[in-house]
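Handing you this structure, nothing more for now.
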Amino acid sequence: MLKKVLDYGYLTPRVRGKRSFLLVKGDYDAMLAAENASAALRRLEATRYKPYISQLTLEEFDLFKTEKALVKAYQDEVGFILKNLKEKSARSFFEEFVHLLEVRALIGVLKSILLEVPWRDASTYIFPFGKFTPEVCQSLVEGKNVRRVLETAKDRKLARLVEEALEGVEEPAGKSLKVEMVLTKYSYERLWEKAVLLKGKDQVCLRLLGIQSDTTNIMTVLRMKKLGFALEQIMESLIPVYFKVSPEELRAAASTPSEKDAMKNLTGTYYASTITPLLSVYEVRNDLTLFEVAFKRLHASECRRAFYQPFHLGEAFAYLYLKLYEVKDLIAILAAKTMRIPPEKVEPNLILHQPPHPI
């Protein structure tokens, strides 16, 4: 315990302090109720986002500039954590987390190209990070050149995985999903390798990462079943990290006739309380986003639990995820205001300060 106090004696109080400045439900409600995007943005002037958005409130609202400012706010938080991590395995873990965030940006860019999504729409779901800056992401999406994207990544193994994933799949939706699954597996495997080296209470990170790996695997099964992928293709795409749901349970779900049958099969797993209430809703909406949002809300609740005890790396990891969910929520709210989407249509897709199920 003494060693952990020494390791995180500087970081813990500051991370806890930062967590106390995360937005509350009242902030979300005020932004959702704002007359327009400019008014919603001004609601952030009394928060920790002020240094990033104060100049923007004096100008005509520009969604791209605002997204860039909010992404910068998040990147500064990641930089703060990295700067103040001295212990080797802890720093190595967080450096790999940064790589995962870059790969997620890369996935967003590739999906946009494969599905021919214009930058205006792609910018609402791509979260730029690291070498994939907002300007780079825009240039790559508008360039529509997969090879150029892979050259930008400067990762030969990653490039090979993408090229292999694109072979033998003709439909754009199938190509997009296969690439996403392959790169997600690649980045999570790398992060898990670093996570298992953590000791003591730092292994709270394993729980946060394990739940995310499990729920990502469940979504992989559901999404690939819906697009008609074969059993072995689905199993090959799973992250080989099985925290609360076993490979046998996932195989049983993937072996069913449809994604609806797979859902019912998964109600016998640890995640039954998240899946079961959504079954009847899915029958009506036929939208797998319902499950994706519910799983992210579950993960956010686990992140909040990480603060029950101090002096471990899980606090910093949990904080960065909560901050990430917050920034993405803010971008979603502001984008909706720009497109005049009513609040009741936005809230089901938000992660923080919402009920467990988006129904």
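The values are calculated or read from the model by the stated rules, or taken from the named source; none is laboratory data. Note that the structure is predicted; figures quoted are calculated from it, not measured. All Cβ positions, even for glycine, are placed from backbone atoms using ideal geometry, and neighbour counts span all protein chains on display.
Only residues that are among the β-branched types (Val, Ile, Thr) and touching a residue at least 40 places away in the same chain (Cβ under 8 Å): list them for the stretch 157-174, please.
162
A follow-up question, please. Would you point out which residue out of 285, 304, 297 is in contact (Cβ under 8 Å) with a residue 24 or more places away in the chain and not polar (S, T, N, Q)?
Just a single option satisfies the conditions, and that option is 297.
Here is a follow-up. What single numbered condition from (1) of a type outside the set (Gly, Ala, Ser); (2) on the phi > 0 side of the Ramachandran plot; (3) at pLDDT below 95 fails to hold for residue 144?
(3)
Does the stretch 83-94 contain at least one residue that is among the hydrophobic types (A, V, I, L, M, F, W, C), more than 23 Å from residue 119 (Cα to Cα) and surrounded by fewer than 16 Cβ atoms within 10 Å (Cβ to Cβ)?
no
Just for the stretch 78-117: of the residues that are closer than 18 Å to residue 315 by Cβ and of a type in the set (Val, Ile, Thr), which one is farthest from the chain's Cα centre (by Cα)?
So the residue we want is 81.
Could you pull out every one of the helices (runs of 4 or more DSSP H) wholly within the stretch 140-200 that has 1 or more residues that are under 15 Å from residue 224 (Cα atoms) and in contact with a helix residue (DSSP H, G or I) (Cβ under 9 Å, 6 or more places away or on another chain)?
In the stretch 140-200, 156-166, 172-195 are the helices (runs of 4 or more DSSP H) which contain 1 or more residues that are under 15 Å from residue 224 (Cα atoms) and in contact with a helix residue (DSSP H, G or I) (Cβ under 9 Å, 6 or more places away or on another chain).
Another question, then. Name every residue in the stretch 50-81 that is surrounded by fewer than 15 Cβ atoms within 10 Å (Cβ to Cβ) and among the small types (Gly, Ala, Ser), in order of residue number.
Result: 54, 79.
Only one of these is of a type in the set (D, E, K, R), out of contact with any Ser or Thr (no Cβ under 9 Å at 6 or more places or on another chain) and surrounded by fewer than 18 Cβ atoms within 10 Å (Cβ to Cβ): 345, 323, 328. Name it.
Going through 345, 323, 328 in turn, the sole match is 345.
So, in the stretch 132-142, exactly how many residues are surrounded by 13 or more Cβ atoms within 10 Å (Cβ to Cβ) and farther than 14 Å from residue 111 by Cβ?
The qualifying residues number 6.
Still on this structure: If the requirement is being in a helix (DSSP H, G or I), among the charged types (D, E, K, R) and without any contact (Cβ under 8 Å) to a residue 60 or more places away in the chain, which of these qualifies: 249, 347?
From the options 249, 347, the qualifying one is 249.
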